[in-house]
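The values are calculated or read from the model by the stated rules, or taken from the named source; none is laboratory data. Because the structure is predicted, anything quoted here is derived from the model rather than measured. Neighbour counts are summed over all protein chains in view; Cβ atoms, including those assigned to glycine, are modelled from backbone coordinates with ideal geometry.
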């Protein structure tokens, strides 16, 4: 089932004394988080007064967080965004929608998507079942990714299982 609110990062610290928080983004890049006027902390909406990229992080100024102690109290909070405001784009899916989907190779289920590793060359799906598979998220190996139908179909090659040499 698709979640309405998607995890987009975690607050890792503060910036300055006026209540800005540093967020480590979990999306394609830090710029993704600068697009939102509202984020969700602990299930509650919080207005974003300003957002900017700083190195590999995002600095957020949230309404009602106006000083260093208030910002420090948010450390460790997961920042979520509304799916309707996020728009994955044509041919793209959210990682949150992939986690838990069954993965099939030649009409047999080999496991479920347990994790998606974001690596420099491409993403890699970690599929866990009786064995663990590391499957590059590229067209040579992904035959079908249908989040609405709840299925991923892959083409396996020798060596993709983590216990194969």
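Within the range 39-68, the set of residues being touching a helix residue (DSSP H, G or I) at 6+ places or on another chain (Cβ under 7 Å) and either farther than 18 Å from residue 14 by Cα or buried (at least 17 other Cβ atoms within 10 Å of the Cβ) (or both) comprises 51, 57, 58, 65. Of all residues in the range 17-28, one or more are touching a strand residue (DSSP E or B) at 6+ places or on another chain (Cβ under 7 Å) and more than 27 Å from residue 120 (Cα to Cα). The residues of the range 3-21 that are surrounded by fewer than 19 Cβ atoms within 10 Å (Cβ to Cβ) and part of a loop (DSSP other than H, G, I, E, B), listed by number, are 3, 4, 16, 17, 18. Residue check: residue 6 meets all listed conditions (1) touching a helix residue (DSSP H, G or I) at 6+ places or on another chain (Cβ under 6 Å); (2) more than 15 Å from residue 87 (Cα to Cα) but one, namely (2). From the list 86, 77, the one residue that fits, being surrounded by 14 or more Cβ atoms within 10 Å (Cβ to Cβ) and at pLDDT below 90, is 86. Of the residues making up the range 22-38, those that are in a strand (DSSP E or B) and in contact with a helix residue (DSSP H, G or I) (Cβ under 8 Å, 6 or more places away or on another chain) are 23, 25, 38.
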